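Participant: First the structure, then my questions, so here it is.
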Amino acid sequence: MGLKLYHYSISGPSRSAYMAIKTMGIPVEVIIIDLMKKEQLQESFVKINPQHCVPTVDDDGFVLWESKAIACYLAEKHGREDLYPKEIKHRAIVNQRLYFDSATLLPHIRAINHPILFEGVKEIRKPLKDNLNVTLGFLNQFLSESKWVAGETMTLADIAISSSIATVSALDWDFSEFPNIQRWFKQCEAIAGFEENIKGATLYGQAVKKNLEK
Ligand SMILES: N[C@@H](CCC(=O)N[C@@H](CS)C(=O)NCC(=O)O)C(=O)O
């Protein structure tokens, strides 16, 4: 029994759940769901998660998916107020950054990568590149005000956003206009499981880059 994580390191959200679990030091059985082989559609997995996505956790029979919901649940369960503050305004800022990742940053990253991975597109289109750079500009601005994305200490928001930035970085993105992101991303190397984050993002980046016109 204990905690099981259904995981695939190419997935940014899955990497972020993995890092959250490692940061909290929770013993975990990691079960790889190979999305390239469509293992998420196996009957046994769909039974656990009808939405068939990673990350998914099974915590002694309690099944949960959505990377941020997983991280928040585990932080609450394990009393990790440092990662998910109880003070309501601090928590609100952490939540705002988590939603920023889900609703703004990740969709702009996906808008670039999905057509290249799945629709035969062979370039990073300029409007999509510009959109992502505008979003990175917002993140750079948040980071001009604090050491970490939601204050002076590391929280779940840093873990989530560092998985998205690892994906962007693996596309050899030009971060020269975003010095605060560069400084912060270097700090993120201290996050437990960050090596797995970089490994998975690199595989993702390679898959995208091999489809680009040389
Ligand atoms: N918002 C979700 C995203 C989960 C998601 O889209 N996972 C993708 C990989 S990045 C997946 O498992 N796709 C396979 C499928 O939906 O069949 C989260 O943060 O966990």
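The values are calculated or read from the model by the stated rules, or taken from the named source; none is laboratory data. No experiment lies behind these values; they were computed from the predicted model shown. Cβ placement follows ideal geometry from the backbone for every residue including glycine, while neighbour counts extend to all protein chains displayed.
Participant: Looking at (1) under 30 Å from L212 (Cβ atoms); (2) under 19 Å from the mean Cα position of the chain (by Cα), which is the one condition that is false for Y73?
Facilitator: (1)
Participant: Listed residues I31, I21; which is hydrophobic (A, V, I, L, M, F, W, C), in contact (Cβ under 8 Å) with a residue 60 or more places away in the chain and away from the ligand (no atom under 11 Å from the Cβ)?
Facilitator: I21
Participant: Right, another one. So is G137 assigned by TED's automatic domain parsing to the domain that holds A201, at positive phi and at pLDDT 95 or above or not?
Facilitator: no
Participant: Quick check, is F100 at pLDDT below 95 and on the phi < 0 side of the Ramachandran plot?
Facilitator: Judged against the criteria, F100 is not a match.
Participant: Sort through K22, K89, K4, K47 and tell me the only one that's outside any helix (DSSP H, G or I) and basic (K, R).
Facilitator: None of the other options fit; the residue is K4.
Participant: While we're looking at this one, here's another question. Would you say P115 is without any contact (Cβ under 8 Å) to a residue 60 or more places away in the chain, more than 12 Å from the ligand (Cβ to nearest atom), under 30 Å from K210 (Cβ atoms) and not hydroxyl-bearing (S, T, Y)?
Facilitator: yes
Participant: Run I48 past the list (1) within 22 Å of K86 (Cβ to Cβ); (2) within 13 Å of the ligand (Cβ to nearest atom) and report the number of the one that doesn't hold.
Facilitator: Checking I48 against (1) within 22 Å of K86 (Cβ to Cβ); (2) within 13 Å of the ligand (Cβ to nearest atom), the one that fails is (1).
Participant: Against the conditions (1) within 12 Å of the ligand (Cβ to nearest atom); (2) assigned to a helix (DSSP H, G or I), where does V57 fall short? Just the number, please.
Facilitator: The number of the failed condition is (2).
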